[in-house]
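Asks: Can you keep this structure in mind? I'll have questions shortly.
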Amino acid sequence: MRRFVIPVVVLLAAGCGVGGRSPEDQATEQARKLADRAGNRIYDSRTRPAQDVAHRAADLDGVEVMRVTGASTAGDGIRLVLRTSGTAPDGGWFATSTVTVRRCFELRFSTTTEWEHYGTREVTCPAGGPLAFKPWPKAPRIPFERLRKALPRVPEGGRADEAKVRAAVGSLRLDPAVRREFQTAGGRVGVALTVKPYWADTADCVLAIVEPGHTNVWTPPRVQRMPGEGGCSTANALNPLPPPH
């Protein structure tokens, strides 16, 4: 039986690159994929100021914002130049070192067209370092425990008084950004205190119910605080939605 011997150099050559691509090409492709993921994370169909979109991109791990062009995502939209990095083995199967590259990509965002339509275009990195951004505005906190202590207790057989509930909430001197809602139904009073953190997917809210023999304060689950879910409402305070599965 004849034996076939494949030279080691042939194996090494076969292991160099994927589909004939150089390690630098592979590393660049990895950097591009990171820029693509950043685009998916920051895309929003609503009108957003350019600085806010850039700030959100800069908050992502492995992403640096090098340039911002345009005022907002309305109309023609804005362009961001993001710098990312990628790494690939240098030498195929038996590589003992890696190649790391840093590349810049231009992404475009507008309210009129899905961002993927424009694609991720590799560009020359601008001179200088990445842009820096001020901290995001902080949303005021809703004082959960103080609300619980301030709300009146109604004895069995009595009726909750909305005026007294409003006065109790007023005594907390809440930040004006906290929206206050009250609803009376059958001797019971529901309360909803809501604040929308800057560019957040969910609202922060605290609900309360004051009724004969029972006063309760709670925060709805995150899924119920999403837009359109009705979790941050006096209706949910009076008749709580079932817990999510």
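The values are calculated or read from the model by the stated rules, or taken from the named source; none is laboratory data. All values reported here derive from a predicted model rather than from experimental measurement. All Cβ positions, even for glycine, are placed from backbone atoms using ideal geometry, and neighbour counts span all protein chains on display. Calculation scope for accessible area: heavy atoms of the full protein, side chains included, ligands and nucleic acids excluded. Shrake-Rupley method; radii C 1.70, N 1.55, O 1.52, S 1.80 Å.
Asks: Keeping to the stretch 193-225, report how many residues are part of a strand (DSSP E or B) and either touching a Gly at 6+ places or on another chain (Cβ under 9 Å) or farther than 15 Å from Leu151 by Cα (or both). Walk me through it before giving the result.
Replies: So the first thing to find is which residues in the stretch 193-225 are part of a strand (DSSP E or B), and the list is 193-195, 204-212, 214-218.
Of the ones still in play, those that are also either touching a Gly at 6+ places or on another chain (Cβ under 9 Å) or farther than 15 Å from Leu151 by Cα (or both) are 194-195, 204-205, 207-212.
Residues flagged as part of a strand (DSSP E or B) and either touching a Gly at 6+ places or on another chain (Cβ under 9 Å) or farther than 15 Å from Leu151 by Cα (or both) within the stretch 193-225 amount to 10.
Asks: Name every residue in the stretch 195-237 that is touching a helix residue (DSSP H, G or I) at 6+ places or on another chain (Cβ under 9 Å), polar (S, T, N, Q), touching a residue at least 40 places away in the same chain (Cβ under 8 Å) and over 17 Å from Ala163 (Cα atoms), in order of residue number.
Replies: Once the filter is applied, which keeps residues that are touching a helix residue (DSSP H, G or I) at 6+ places or on another chain (Cβ under 9 Å), polar (S, T, N, Q), touching a residue at least 40 places away in the same chain (Cβ under 8 Å) and over 17 Å from Ala163 (Cα atoms), the stretch 195-237 yields Thr219, Asn236.
Asks: Give the residue that is farthest from Gly62 (Cα to Cα), with candidates limited to residues of the stretch 115-124 that are part of a loop (DSSP other than H, G, I, E, B) and open to solvent by 50 Å² or more (accessible area, probe 1.4 Å). Lay out the reasoning, then the answer.
Replies: Filtering the stretch 115-124 down to residues part of a loop (DSSP other than H, G, I, E, B) leaves 118-120, 124.
With the extra rule that they be open to solvent by 50 Å² or more (accessible area, probe 1.4 Å), the set shrinks to 118, 124.
Details: Tyr118: 22, Thr124: 18 Å.
Across the stretch 115-124, the extreme among qualifying residues is Tyr118.
Asks: With the requirement that a residue be open to solvent by 60 Å² or more (accessible area, probe 1.4 Å) and part of a loop (DSSP other than H, G, I, E, B), what does the stretch 50-91 give you?
Replies: Matches in the stretch 50-91: Asp59, Asp61, Ala71, Asp76, Asp90.
Asks: What number goes with the only condition from (1) under 30 Å from Pro227 (Cβ atoms); (2) touching a helix residue (DSSP H, G or I) at 6+ places or on another chain (Cβ under 8 Å); (3) open to solvent by less than 70 Å² (accessible area, probe 1.4 Å); (4) free of Cβ contacts under 8 Å to residues at least 60 places away in the same chain that Arg41 does not pass?
Replies: (3)
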